[in-house]
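Encoded as structure tokens, the structure appears first; notes follow it.
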Amino acid sequence: MISFDVIVIGGGPGGLSTALYTARLGFNTAIINRGGGRAAMMRNTHNVIGVLESVSGNEYISTSIEQLQDYGVTYIKDFVTSITPISSESISFQVQSKSKTYAARRVVLATGFKDIPPKPPLPRTGRGLHYCLHCDAHMFKNKSTYVMGHGPSAAQVAMTLLNFTDEIDLLLRGEDPTWGGNLDKQLRSHPIDIIKEDVSAIENNSDGWLEALVFEDGTRREYHGGFAMYGSEYNNKLAMDLNCELDEKGQIKVNKDGLTTTPGVYAVGDITPGHKQIPVAIGEGANAGIAIYLELRKFPKKF
């Protein structure tokens with residue numbers, strides 16, 4: 001087995017931040033990343049101080065990886081299939097990928113989640129279809145905006161967007177709403193059009209950005225873009241195999257340092273509860289990296 005002090009599973013901002021700290025604090029660190037992820041999909045990087053919005057997600061991630069490699073982090077493009085605890089003084093876990101076997105004293109799960117997309121037809125992601133209100137609501141100031149979904153989160157997001165624009169449509173796409181009576185009363189007290197009919201066609205501008213949606217009743221409505229609210233799928237299989245406790249949404253429960261309920265296993269970023277934001281994930285990674293250093297450092301000796 002190829003041994004490391006710390007292996008980070010996942011290459012998003014949270015995992016990259018953890019690796020930065022553990023490497024700079026003197027531990028042999030590897031990142032095993034299958035690729036993709038929410039950050040890599042971003043057309044523009046929002047809400048990251050010091051990073052211009054013209055920087056794409058791929059550019060942001062690539063620059064971060066280069067920075068980590070300068071500090072000696074081993075970056076491995078692979079898919080981890082299993083993690084097995086080992087009873088040893090020097091090795092705590094065996095990490096199995098599709099191609100190799102590794103050993104680590106500590107592992108960090110930064111496996112993130114996937115937004116559940118609406119059914120087709122749907123606008124292009126990042127060019128009229130968005131998922132993160134806190135990231136992208138600023139783009140829709142005084143613009144005609146939709147929210148797709150039929151659950152409570154869709155209703156809440158539609159009402160919240162009125163802080164940015166007074167042109168909000170809530171698209172049920174043929175589904176019956178699942179929010180309760182009190183929320184329904186609250187929603188209908190807001191200036192929001194609730195549209196039952198499903199979308200039948202998408203019209204885009206010459207640059208590929210959304211221009212309008214056409215509905216099954218023949219109605220055409222122009223939009224600058226909008227948000228899909230159909231929930232999330234958390235990449236928590238490895239956490240479940242390691243008996244890490246999850247919450248009701250499938251997120252990994254952690255303490256303030258990112259430590260899970262399984263000793264030696266940390267989790268950071270979108271796989272944990274909290275705001276799904278790059279700066280938040282970076283902070284969680286820093287906390288976890290420092291916690292691992294304090295746990296593994298040789299001196300001062302304990303008595």
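We did not get these values from a lab; they are worked out from the coordinates using the rules stated. Source: prediction; values computed, not measured. Methodologically, a virtual Cβ is constructed for each residue, glycine included, from the backbone with ideal geometry; neighbour enumeration extends over all protein chains shown.
Structure data summary
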read-out	value
Whole-angstrom gap from region 151-168 to region 1-50, using each part's C-alpha centre	33
Cβ-Cβ FRET estimate between Lys253 and His275, R0 fixed at 25 Å, reported to 0.05	0.95
Rounded FRET efficiency, nearest 0.05, which uses the C-beta distance separating Arg221 from Gln67 and R0 of 51 Å	0.70
Backbone HN-Hα couplings from phi across region 195-204 [Karplus 6.51/-1.76/1.60, Hz, Gly and Pro as x]	10, 7, 4, 7, 7, 10, 7, 10, 10, 10
Stretchable slack from Ile86 to Lys100, in nm (0.36 nm times residue separation minus alpha-carbon distance)	3.4 nm
Furthest towards positive pole of dipole, Ser189, Ala228, Val73, structure part the chain, Cβ charges	Val73
Span-like helix ranges in the chain, DSSP H, alpha carbon extent 24 angstrom or more, Kyte mean at least -0.5	278-296
Formal net charge of residues neighbouring Arg34 (Cβ-Cβ distance under 11 Å; K, R +1; D, E -1)	+1
Trypsin sites (Lys or Arg not before Pro) restricted to region 1-103 and DSSP loop, no more than 11 other C-beta within 10 Å	Lys98
The chain - share of DSSP beta bridges that are antiparallel (%, nearest 5)	40
Gaussian network model of the chain, springs between alpha carbon atoms under 10 Å - residue of Val214, Val108, Val265 with greatest fluctuation	Val214
Environment charge of Tyr223, counting only residues whose C-beta is closer than 11 Å and scoring Lys/Arg +1, Asp/Glu -1	-2
GNM result for the chain, Cα springs below 10 Å: residue of Glu233, Glu89, Glu216 fluctuating most strongly	Glu89
Whole-Å distance, taken between Cα centres, linking region 252-280 and region 62-110	17
No Cys partner within the rule (Cβ under 4.7 Å), the chain	Cys244
26 Å Cα-Cα reach of Lys301 towards lysines, excluding residues that sit fewer than 8 places from it in its own chain	Lys256
Most mobile of Gly226, Gly264, Gly274 in a GNM of the chain (Cα contacts under 10 Å)	Gly274
Whole-Å semi-axes of region 129-228's equivalent ellipsoid (Cα gyration tensor)	21, 17, 11
Under the Karplus curve 6.51 cos²θ - 1.76 cosθ + 1.60, θ = phi - 60°, whole-Hz ³J(HN,Hα) for region 43-49, x wherever Gly or Pro sits	6, 9, 8, 10, 6, 10, 4
Net +/- balance of residues flanking Ser82 in space, Cβ distance below 13 Å, scoring K and R +1, D and E -1	+1
Linear extension gain, Val214 paired with Ile49, 0.36 nm per residue minus alpha-carbon span	55.6 nm
